[in-house]
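Data first, discussion second: the structure below is written as structure tokens.
Read the figures in this text as sums done on the coordinates, not as results from a lab. Computed from a predicted model, the values in this text were never measured in an experiment. Cβ placement follows ideal geometry from the backbone for every residue including glycine, while neighbour counts extend to all protein chains displayed.
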């Protein structure tokens, strides 16, 4: 079963008014705050996403029937300020790609029918997309105007296989599996549905109870390819064609059922925790009904299409991206109430091989952490370092005194950091300073893995830091005039 809501039998659940469509129904949800759970009411197997979570999630509204109104059909994810990743089946009809003017993207809202509208300039459906075997179910949307939301990092073949552990899927799909009622001849019965779990026959009005306008989330166990193949060994479409499950597919689902993605979640992201932050590992594609025991959902494996994404968009997950940096800046994630200032003593234009020192100051006291995002896309934690933590006065060395400039590394103090040398390649870099109200914050600086190897993960990590600091400023009492983040941009010369 393809997991969008624009199949003919489901149109009665989708109001065709522009940006006022009835919400769709989807698989299931994962743990969230008690407040979010109460707001969602009758959620089966999951919860509403908390405000500000999953900022890369977008809603796709389409006009497949050549009418003036758009209806909600699928999800998608922002992967740079110019591009959205989604499923091929969301953007095709009768074997042909939709026109760009037949699709609208909504970003920046937990509500499906609100948010910032962005027109589409170009639609790219994978040439190998096969509606029968469900192979290569992946597509790209080039936006007519830049996105403002934080993009998601994409998994690469160099990442872990992601066939164990868990992942989170998000979307506005159905909250319970529904099938179209058919008579003894296999014909659709207009306005009637069958509950995929209880097998109860229901009307359109009853079915709409399982439609949501709130962004939903569910935590799902990942399933190995071999187990997924066994689970779907008898799965066929209406034409008797079996779906292909190979290295281009990743599977996830609760063996007991009750949690899953469903119609309306198609094209949305399946994300897992990487070394830092969240990484998109899959695109919602298909399943055998929804949330049934022993039948995991199938997702397009993002890492398998790294080369295709790069060829079509120019996005290279192993190199810095001005688009991603700009999107993060435009998101206004960084707050600086303490007047934190950061720079290199040696200036903004630096030659490879040169040793440099960071100069940091602020109007308020706080505990300091420093990071460098180089032109090669690597995020390095400069301070605190393993060496500085060995000092008996390490916490005192992290304290920034108002009105006093701190040098890192300090030539007079061997424990203040380590020698930092500018490395090639040429290009833009960021020096990032974080000022915290106390040494023990939500942000974990104790991980000995001080270098993050790819640009997307680095940007995701910086965004995570900024959002954690924003929460500290807005909802805690731990010194709202202290927690800050500041960025110094520089250039590495050829």
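Compared with the rule-of-thumb size 2.2 N^0.38 Å for a compact globular protein, segment 226-301 has a Cα radius of gyration ratio of 1.10. The residues 208, 236, when put in order of fewest to most other Cβ atoms within 10 Å, stand as 236, 208.
The ranking of 156, 405, 483 by Cβ neighbour count inside 10 Å, starting from the fewest, reads 405, 156, 483. Just report the Cα centroid separation between segment 419-434 and segment 75-126, whole Å. Each part's Cα centre sits 35 Å from the other's.
A crude spin-label estimate for the pair residue 227 and residue 142, with each label 7 Å from Cα along the Cβ direction, gives 4.1 nm.
The residues 423, 137, when put in order of fewest to most other Cβ atoms within 10 Å, stand as 423, 137.
Spread over its residues, the convex hull of the C-alpha atoms of segment 158-315 is 142 Å³ per residue. Peptides 219-228, 365-374 ranked from most to least packed, by the mean per-residue count of other Cβ atoms within 10 Å: 365-374, 219-228.
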